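Worksheet: one structure, shown below.
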Amino acid sequence: MLTPQRFALAFGVVYLALAAWAADVGEPEFRPWEKVKVKDGMCFVPDQRIAMREMGDLAYRNALRALDEGRETTFTTDSAGFRNLPGIEAPSVVVLGDSYVAGSSLRDDETLAVQLGQALGETTYSVACQTPNSPSLYLSEPRFAKTPPRAVVFAPSNRNVQPFGLFSVDWRALQAQPKPVPTAERIRDVIASVERDNGISRRVRSWYADVSYRLRGHPEVRDVQGAPALVMPAEAQLCDKGAEERALAEVVASLVTFRDALAQQGVGFVFMPVPDPVQVYPELLSAEEEAVCDGLGFFDALTRSAADAGIEVVDLRALYAANSTPYLYRRDDSHWTPHAVGLAAEALSARLATPPDRPSLSVP
Amino acid sequence: MLFFQVSFLFVFLPLTLVLHQLLPPRVRNAALLAASLIFYATSSYEFLPLLLLSVVVDYSAGRQIGRSDDPATRRAWLIASLTTNLGLLAFYKYVGLISLSLRDLLGPEVPLLEAALPLGISFFTFQSMSYTIDVYRGDVEPAQSPVDFAAFVALFPQLVAGPIVRFRDVAPQLVDRTVRSADVVRGLTLFMVGLAKKILLADTLALLAKPLFAVEQPGFLDAWAGMVFYSGQIYFDFSGYSDMAVGLGLFLGFSFPNNFNAPYRARTFSDFWRRWHITLSSWLRDYLYIPLGGSRRGPLRTYVNLTITMLLGGLWHGASWAFVVWGAGHGLLLAAERALGERNPILRLPAVGQTAVTFLLVTALWVPFHFNDMTVATRWLTAMVFGHGVGSITPLVAGSVAAALALFHLPTPSHLWDTTPRPRLLLVIVFLFVLSLFVAHGRLEAPPFLYFRF
């Protein structure tokens, strides 16, 4: 006879098992970037060295373990909170940018600044964080005004290109005095992270995504050069936004202002926007995406307009299109591969080396 | 915090239940109130003061009405309570619609006003208001403790989406309640069934309906299939939530009224409204329809009262003309049914025919409710009558429609423990609970309950 008490007891066993499983709340961090970034801040916690097995951001977001490449990475930050090996004094070239330049999904020795340094045989330094306005970060560092580098490279990813103002901001002081957050909001954040990263959610999402992917594919997985690759939706690559929507004229005006500010210090400036995957591989676009995609036009217009305004530009889209094999982006991540970084470093190195057949860096 | 989230199921709920059981009875309501406020704050802390304002005003009004013998004083406090609650509703829910309508009428110089909708405002204001009205009428004694009253208004199981509980339903339990193991098990069963209804049925039907609703010019069958799925989605979603709320109430020793009773089995419209969102329809009956005169002032006035009641019931759901049309449609059909009486041709059909006709009409009326835009709703209704061709209904859609129609006839879970428990059925329910939990957590973003937006 099934009494309510017996039923409750049986259910209690199932409930406790589920609770134990859910209690395995894993760290939300799936890559070093997440572990070292300052919450709500622009850069990283200084003097860190993280070594871990990294999961690609797209594989993580889609819970697709089937496509997780799992790389062993190291992530080192210096005393200023930028990703550089400690002890770099007075660099000759400073590279500005976002997660591409900071080297999300790359090891310490694979970042653009390091590969550029090796190609040039000079000391290079990375000023790149989670902000589209790394020029202001650069201007906020008094050491660069005191001992300017010979050149600054600004390499934002296409999706982070936007007009920027130039200002000096003591961001470390801002981070030291965080805005007060209501307790209820903090609880809400904790709940959100528990919901996302508890044992049941993680495991079930991963099962579901993998089985679903194997049975009927995945809307963000494309076949690239004979192997599957996760690709950000075209919208996330701002593919549907044209030059006007992205305020191209203001972007170029910002670049000119920054170049002129550097020129006053005798510093050369090179602009090297990093294309998103669809700009190099338009075949990644689905038919529906292709119908609304104007982003390819934006990238070309950006490089052309910047060059027309007298800015030194390295056109990575053309370079990558000519060297599109092997695939230049991670198959489980939204960022570039070490090989793609190497190509960019070589191109930059050639431009910065001021060979005789090229004009010198545009320092008026 | 949603009922199926890990933070609710494995942290908030067990902690609350354990505290509730361990604490001495005199502080139980305080603990319950604290838990309910935390529950509300995790979703909508910005509007916590609003909830408390409603509590303070209505508790004070209830006390003053109870204390006074002077009709004018009693009336003044009642008006203060109604004005506060209806004022809150009007400001947060209808200011946008009013300003938009005025702008359409008077021109662009009328400013557009918008206010974020506080979670559960439609439910807690109605609940709170019914208390002062009942005290005024002498149907219930005023609450003796502000904590008890606040705990009643803020009770977390039904705070954000009902059922609309009346003070007189739970007043004895607020003072003295016992949590019996049989009730806990009954609550558990209800909770599990409710969760399965929401996750496995409502959300699946929503997925099936989505591609159909995306079609610009649907065929006749596609238009109907989409709306049958929506009928199922809203029923399983809302009744699933209500089942869970009633179940949670039982865990705490409260007996909340049932909100649904197989509504799509109804043979007439009046039957439908005795089975659908029962706590709202009875609220509207007792506090609106009857005070308007009900059926006591002749047939014509009865029809008008029915239409006004349902129209306002529609408006309660949201500030848009689509909800007004939905409510008015139900009101007119109820009035027509009343006017026709025994001459109603539907009553000449066999029982299954009566159920089918009522269901089809209810389903057609869901169109403005779902689209919340009269232009789109009109286009969809046109397709349901004339269609753009027959439609390209697939075997999956046809099979799903048939399955949905069959599911509408499942017995309500509230009766599961009324008869001899069936172990296999309970085993299936536990299995469905675990499966629902897995499905809910297999998605990065769980769709919230539909009625949260009201």
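Please work out which residue is most open to solvent (accessible area, probe 1.4 Å), limiting yourself to the stretch A:52-66 and to residues that are without any contact (Cβ under 8 Å) to a residue 24 or more places away in the chain and more than 13 Å from chain B (Cβ to nearest Cβ).
This residue is A:ARG53.
Residues in the stretch B:216-227: is at least one of a type in the set (Asp, Glu), assigned to a helix (DSSP H, G or I) and either in contact with a strand residue (DSSP E or B) (Cβ under 7 Å, 6 or more places away or on another chain) or not assigned by TED's automatic domain parsing to the domain that holds B:ARG443 (or both)? Before you say what the answer is, go through the steps one by one.
Initial filter on the stretch B:216-227 (of a type in the set (Asp, Glu)): B:216, B:222.
Those left that are additionally assigned to a helix (DSSP H, G or I): B:222.
This time we only want the ones that are either in contact with a strand residue (DSSP E or B) (Cβ under 7 Å, 6 or more places away or on another chain) or not assigned by TED's automatic domain parsing to the domain that holds B:ARG443 (or both), so: none.
Scanning the stretch B:216-227, I find no residue that is of a type in the set (Asp, Glu), assigned to a helix (DSSP H, G or I) and either in contact with a strand residue (DSSP E or B) (Cβ under 7 Å, 6 or more places away or on another chain) or not assigned by TED's automatic domain parsing to the domain that holds B:ARG443 (or both), so the answer is no.
For residues that are more than 20 Å from the chain's Cα centre (by Cα) and at positive phi, scanning just the stretch A:225-245, find the one that is least open to solvent (accessible area, probe 1.4 Å).
My answer is A:GLY226.
For a quick check of your reading of the model, give me the residue pairs whose first member lies in the stretch B:131-142 and is buried (at least 20 other Cβ atoms within 10 Å of the Cβ), whose second is of a type outside the set (Gly, Ala, Ser) and part of a loop (DSSP other than H, G, I, E, B), with beta-carbon atoms closer than 6 Å and at least 6 apart or on different chains.
Sorted first by the residue in the stretch B:131-142, then by its partner, the pairs are B:ASP134/B:VAL140; B:VAL135/B:PRO142.
Being open to solvent by less than 30 Å² (accessible area, probe 1.4 Å) and in a helix (DSSP H, G or I) narrows it down to one of B:VAL153, B:VAL160, so name that one.
Going through B:VAL153, B:VAL160 in turn, the sole match is B:VAL153.
Could you list all residues from the stretch B:166-189 that are assigned to a helix (DSSP H, G or I), within 14 Å of chain A (Cβ to nearest Cβ) and out of contact with any Phe, Trp or Tyr (no Cβ under 9 Å at 6 or more places or on another chain)?
Taking the stretch B:166-189 as the starting set, the residues that turn out to be assigned to a helix (DSSP H, G or I) are B:167-175, B:181-189.
If we keep only those that are within 14 Å of chain A (Cβ to nearest Cβ) too, we end up with B:181-189.
Hit for the stretch B:166-189 is B:SER181, nothing else.
Taking the condition of a type outside the set (Ser, Thr, Tyr), on the phi > 0 side of the Ramachandran plot, under 16 Å from the mean Cα position of the chain (by Cα) and open to solvent by less than 10 Å² (accessible area, probe 1.4 Å), does B:ALA262 pass? Explain how you work it out, then say what you get.
On the way: of a type outside the set (Ser, Thr, Tyr): yes; on the phi > 0 side of the Ramachandran plot: yes; under 16 Å from the mean Cα position of the chain (by Cα): yes; open to solvent by less than 10 Å² (accessible area, probe 1.4 Å): yes.
So B:ALA262 fits the description; yes.
For residues in the stretch A:204-219 being farther than 19 Å from A:ARG331 by Cβ and free of Cβ contacts under 8 Å to residues at least 12 places away in the same chain, which is nearest to the other protein chains (Cβ to nearest Cβ)?
Checking each candidate, the answer is A:VAL204.
Can you find a residue that is among the basic types (Lys, Arg), in contact (Cβ under 8 Å) with a residue 40 or more places away in the chain, open to solvent by 10 Å² or more (accessible area, probe 1.4 Å) and on the phi < 0 side of the Ramachandran plot anywhere in the stretch A:295-312? Let's see the steps before the verdict.
Quick first cut of the stretch A:295-312, residues among the basic types (Lys, Arg) only: A:304.
Next, from what is left, pick out any that are in contact (Cβ under 8 Å) with a residue 40 or more places away in the chain: none.
Looking for residues that are among the basic types (Lys, Arg), in contact (Cβ under 8 Å) with a residue 40 or more places away in the chain, open to solvent by 10 Å² or more (accessible area, probe 1.4 Å) and on the phi < 0 side of the Ramachandran plot, one finds none in the stretch A:295-312, hence no.
For the stretch B:98-137, which residues satisfy the criterion of being within 16 Å of the chain's Cα centre (by Cα) and aromatic (Phe, Trp, Tyr)?
B:PHE123, B:PHE124, B:PHE126
Quick one: count up the residues across the stretch A:112-162 that are within 14 Å of A:LEU96 (Cβ to Cβ), assigned to a helix (DSSP H, G or I) and out of contact with any Cys (no Cβ under 7 Å at 6 or more places or on another chain).
The number of residues fulfilling the criteria is 10.
Could you please find all residues in the stretch A:324-349 being farther than 16 Å from A:ALA113 by Cα and either buried (at least 16 other Cβ atoms within 10 Å of the Cβ) or free of Cβ contacts under 8 Å to residues at least 12 places away in the same chain (or both)?
Scanning the stretch A:324-349 gives A:TYR327, A:LEU328, A:TYR329, A:ARG330, A:ARG331, A:ASP332, A:ASP333, A:SER334.
Looking only at the stretch B:386-404, which residues are touching a Phe, Trp or Tyr at 6+ places or on another chain (Cβ under 8 Å) and modelled with pLDDT of 80 or more?
Once the filter is applied, which keeps residues that are touching a Phe, Trp or Tyr at 6+ places or on another chain (Cβ under 8 Å) and modelled with pLDDT of 80 or more, the stretch B:386-404 yields B:PHE386, B:SER400, B:VAL401, B:ALA404.
Since A:LEU9 meets every condition but one in (1) of a type outside the set (Val, Ile, Thr); (2) surrounded by 13 or more Cβ atoms within 10 Å (Cβ to Cβ); (3) within 30 Å of A:TRP207 (Cα to Cα); (4) within 14 Å of another protein chain (Cβ to nearest Cβ), which condition does it not meet?
(2)
Working only within the stretch B:33-55, note down all residues that are small (Gly, Ala, Ser) and under 17 Å from A:ARG188 (Cβ atoms).
From the stretch B:33-55, those small (Gly, Ala, Ser) are B:34-36, B:41, B:43-44, B:54; that's our starting set.
Those that are small (Gly, Ala, Ser) and under 17 Å from A:ARG188 (Cβ atoms): B:ALA35, B:SER36, B:ALA41, B:SER43, B:SER44.
Just to check your reading of the model, which residue among B:SER81, B:SER60 is in contact with a helix residue (DSSP H, G or I) (Cβ under 6 Å, 6 or more places away or on another chain), modelled with pLDDT under 95 and more than 28 Å from B:LEU9 (Cβ to Cβ)?
It is B:SER81.
When B:VAL434 is evaluated against the numbered criteria (1) more than 14 Å from chain A (Cβ to nearest Cβ); (2) over 29 Å from B:TYR289 (Cα atoms), which criterion, by number, is the only one it fails?
Failing condition for B:VAL434: (1).
Could you list, in sequence order, all residues of the stretch A:135-160 that are of a type in the set (S, T, N, Q) and over 18 Å from A:PRO275 (Cβ atoms)? Outline the logic, then answer.
Filtering the stretch A:135-160 for residues of a type in the set (S, T, N, Q) gives A:136, A:140, A:147, A:157-158, A:160.
Within the stretch A:135-160, A:SER136, A:SER140, A:THR147 qualify.
So in the stretch A:303-323, with the set limited to residues that are under 20 Å from the mean Cα position of the chain (by Cα) and in a loop (DSSP other than H, G, I, E, B), which one is nearest to A:ALA227 (Cα to Cα)?
Filtering first and then ranking leaves A:ASP315.
For the stretch B:386-408, which positions are free of Cβ contacts under 8 Å to residues at least 60 places away in the same chain and not in a helix (DSSP H, G or I)?
Passing the criteria: only B:THR394.
Considering the stretch B:1-59 alone, what residues qualify as being away from every other protein chain (no Cβ under 11 Å) and not in a helix (DSSP H, G or I)?
B:PHE3, B:LEU23, B:PRO24
The values are calculated or read from the model by the stated rules, or taken from the named source; none is laboratory data. Just so you know, these numbers come straight off a predicted model, no measurement behind them. Every residue, glycine as well, gets a Cβ built from its backbone with ideal geometry; the counts of neighbours run over all protein chains shown. We work out accessible area using only protein heavy atoms, side chains counted, and drop any ligands, DNA or RNA first. Shrake-Rupley method; radii C 1.70, N 1.55, O 1.52, S 1.80 Å.
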